[in-house]
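S.K.: Here it is, the structure, as structure tokens.
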Amino acid sequence: MTMLLPTFELHQPATVSEAIALAKTHAGDFDYLAGGTDLLPNYKCGLNTRGHVISLAKVAELRGVTREADGRLVIGAGVLLKELEASREVPAGLAEAASRVASPLLRESGTVGGNLMLDNRCHFFNQSYFWRRSLGYCLKADGDRCHVVPQINDNGKTVLNNKICVATHSSDLAPMLVALGAEMTLAGPEGTRTLKLNEFYGGDGIRRNQRKAGEVLVRVTLPAWAGKARTGYSKLAPRQSVDFSVAGVAAALQVDGGAVKVLRIGLGSVDTTPVLFDYSRQEVRAAANYLNVDPGKNMPEVIDRKLDDVLIEAVAKHVQTQAQPKLNVPMAPDYRKKMCGVLTRRLLQQLAKG
Ligand SMILES: Cc1cc2nc3c(=O)[nH]c(=O)nc-3n(C[C@H](O)[C@H](O)[C@H](O)COP(=O)(O)OP(=O)(O)OC[C@H]3O[C@@H](n4cnc5c(N)ncnc54)[C@H](O)[C@@H]3O)c2cc1C
Ligand code: SF4
């Protein structure tokens with residue numbers, strides 16, 4: 001079946017302020033567009049399309065990777081994935097995560113901003129309009145019920161789930177950036193704000209983050225320590241290229257004299273947001289509801305302990321136990337859950353060798 005792009009008006013601002021002004025004019029009926037590798041396929045499926053599309057491709061202030069005097073690394077939202085993949089400035093794990101997104105052709109146009117704002121995925125959502133209509137649509141587009149979790153417990157009663165979408169957050173960069181303690185700067189009609197990426201993500205598969213109306217992601221900033229950490233990213237996908245991750249594990253590790261000083265695991269593609277396991281317990285975020293991963297639950301003691309096989313096993317087991325993949329992307333949830341532990345173990349074994 002041919003799927004055509006719906007009609008929309010394309011705007012091409014040259015600055016962030018022009019983009020925000022356009023967003024104000026077309027409030028409620030626009031989307032930002034960067035490389036278009038996520039938004040345009042979704043538009044072709046008739047998923048939540050808008051009458052106006054504001055392209056960020058000509059906004060020069062979103063480009064570039066620069067090192068601040070204090071050691072922090074600033075990555076523009078408009079940096080292309082192929083640039084991130086080739087960069088010697090960014091932590092090795094981040095370049096690795098970029099190199100695992102989609103295919104070389106898609107990384108030519110896909111951007112950091114688009115990857116972090118990627119829409120969540122689900123078998124019942126990423127389908128043509130015709131396919132979705134035959135099933136009566138779902139909560140995330142055009143419908144009023146969820147096919148993955150059809151019923152929920154509401155105040156002790158089992159009721160139809162017309163409230164929570166569990167579509168999966170499948171970005172490859174997000175788990176790595178969350179593990180690296182990245183901050184993001186957003187500019188919008190109400191001004192500019194900076195917040196931790198881990199705090200930005202939240203909510204169900206529809207809401208999925210704290211972006212306010214009209215806000216543009218301008219840049220991502222990595223703390224100075226991230227430049228000294230051992231980092232890595234490992235991804236499970238049906239095929240090595242082109243396919244979205246169905247489980248992604250990122251790690252940022254600092255070891256001093258054999259003892260762990262920092263260990264942060266970012267887990268992707270098993271929940272409605274990326275999940276951070278910060279074993280220093282400094283960044284703890286409780287699960288929003290019982291369907292979400294609870295990273296703080298039963299967390300083992302890790303900091304100041306030797307990174308040996310026993311400790312690696314404890315961390316791998318913890319990540320695996322907490323992960324809660326749903327049956328809405330390829331590969332069975334129990335296999336993906338097990339692989340969260342396997343990928344964590346392999347990654348930490350590699351990083352332990354330095
Ligand atoms: C076949 C295929 C395979 C893919 N495989 C993967 C994969 O393995 N891993 C993966 O992570 N992704 C994958 N993708 C998705 C996509 O290619 C990447 O995530 C890419 O990084 C998206 O970036 P983009 O610039 O093209 O985003 P766009 O499509 O332009 O935008 C995506 C979303 O982000 C918003 N947005 C973009 N920039 C900004 C900004 N600066 N501020 C605010 N909002 C913004 C847009 O409004 C839109 O909602 C795949 C896509 C396809 C078609
Ligand atoms: S998980 Fe979300 S996208 Fe998937 S069927 Fe349920 S409501 Fe729709």
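S.K.: Please give the charge dipole size of segment 105-176, origin at the Cα centre, charges +1 on K and R Cβ atoms and -1 on D and E Cβ atoms. Round to the nearest 20 debye.
M.R.: Roughly 220 debye for segment 105-176.
S.K.: Please work out the C-alpha center-to-center distance from segment 306-322 to segment 36-65 and express it in whole Å.
M.R.: What the calculation gives is 40 Å, centre to centre.
S.K.: First check a/c for segment 1-133, with a ≥ b ≥ c the square roots of the eigenvalues of its C-alpha gyration tensor; if it is under 1.5, answer rounded, and if not, answer prolate when a/b is larger than b/c or oblate otherwise.
M.R.: It comes out oblate by the Cα gyration axes.
S.K.: Taking the Cβ of I206 as the center, what net charge do the other residues with Cβ under 11 Å away carry, scoring Lys and Arg +1 and Asp and Glu -1?
M.R.: Around I206, the charge tally is +2.
S.K.: Just to compare against my own numbers: the Cα pair-distance distribution for the chain, 10 Å bins, whole % per bin, please.
M.R.: The calculated distribution, bin by bin, is 5, 25, 34, 25, 9, 2, 0.
S.K.: In a Gaussian network model over the chain where Cα atoms closer than 10 Å are linked, find which of V53, V310, V90 has the largest mean-square fluctuation.
M.R.: V310
S.K.: Which of the listed residues, P13, N126, L84, is farthest toward the dipole's positive end in segment 1-153, when Lys, Arg count +1 and Asp, Glu count -1 at the beta-carbon?
M.R.: Farthest towards the positive pole: N126.
S.K.: Next question. Please give me the summed charge of the neighbours of Y129: other residues whose Cβ is under 12 Å from its Cβ, Lys and Arg +1, Asp and Glu -1.
M.R.: Its environment carries a net charge of +2.
S.K.: Compute the relative contact order of segment 188-271 as a whole-number percentage, counting only Cα pairs closer than 8 Å that sit 6 or more residues apart in sequence.
M.R.: Computed value for segment 188-271: 19 percent relative contact order.
S.K.: Separate question: Can you tell which of L195, L47, N161 lies farthest toward the positive end of the dipole of the chain, using +1 and -1 charges on the Cβ of basic and acidic side chains (Lys, Arg; Asp, Glu)?
M.R.: N161
S.K.: Within 10 Å, count the other beta carbons around each residue, average over each peptide in 156-163, 187-194, and list them highest first.
M.R.: 187-194, 156-163
S.K.: Along the charge dipole of the chain, pointing to its positive end and built from +1/-1 on Cβ of Lys, Arg, Asp and Glu, which listed residue (L351, S280, L217) has its Cα farthest out?
M.R.: L351
S.K.: Also, quick follow-up: Computed over the Cα atoms, what is the radius of gyration of segment 9-55 divided by 2.2 N^0.38 Å, N being its residue count?
M.R.: 1.11
S.K.: Can you classify segment 68-180 as rounded, prolate or oblate using the Cα gyration tensor, where a ≥ b ≥ c are the square roots of its eigenvalues, rounded means a/c under 1.5, and otherwise it's prolate if a/b beats b/c and oblate if not?
M.R.: Because a/c hits 1.5 or more and a/b exceeds b/c, segment 68-180 counts as prolate.
S.K.: Okay, moving on. Do you know the relative contact order of the chain, to the nearest whole percent, from alpha carbon pairs under 8 angstrom that are 6+ apart?
M.R.: 15
S.K.: Here is a further query. So, counting K/R as plus one and D/E as minus one, what does the shell of residues with Cβ under 12 Å around D278 add up to?
M.R.: Value of the local net charge: +3.
S.K.: I would also like to ask the following. Given the options D256, D294, D38, state which has the largest fluctuation in a GNM of the chain using a 10 Å cut-off (strictly under) for Cα springs.
M.R.: D256
S.K.: Next question, about the same structure. Given Cβ point charges of +1 (Lys, Arg) and -1 (Asp, Glu) and nothing else, what value in debye, to the nearest 20, does the dipole of segment 9-55 about its Cα centre take?
M.R.: The calculated dipole for segment 9-55 is roughly 60 debye.
S.K.: Return the sequence-ordered ³J(HN,Hα) values of segment 273-281 in whole Hz as given by the Karplus equation 6.51 cos²θ - 1.76 cosθ + 1.60 applied to θ = phi - 60°, using x for Gly and Pro.
M.R.: 9, x, 10, 9, 10, 9, 6, 7, 6
S.K.: Give me the dipole magnitude in Debye, nearest 20, for the chain about the Cα centre, with unit charges on the beta carbon: positive for Lys and Arg, negative for Asp and Glu.
M.R.: So the dipole magnitude of the chain works out to roughly 600 debye.
S.K.: Let me cross-check V149: its accessible surface, 1.4 Å probe, with only protein heavy atoms counted, in Å² to the nearest 10?
M.R.: 20
S.K.: Before anything else, pin down the relative contact order of segment 9-55: Cα pairs under 8 Å, at least 6 apart, normalised by residue count, whole percent.
M.R.: So the answer I get is 60 percent.
S.K.: In addition: So how much accessible area does Y335 have, in Å² to the nearest 10, using a 1.4 Å probe?
M.R.: 110
The values are calculated or read from the model by the stated rules, or taken from the named source; none is laboratory data. A quick note: this is a predicted structure, and the numbers were derived from the prediction, not measured. No Cβ is skipped: glycine too gets one built from the backbone with ideal geometry, and neighbour counts run over all protein chains shown. Remember, those area values only see protein heavy atoms, side chains included, never the ligands or the DNA or RNA. Shrake-Rupley method; radii C 1.70, N 1.55, O 1.52, S 1.80 Å.
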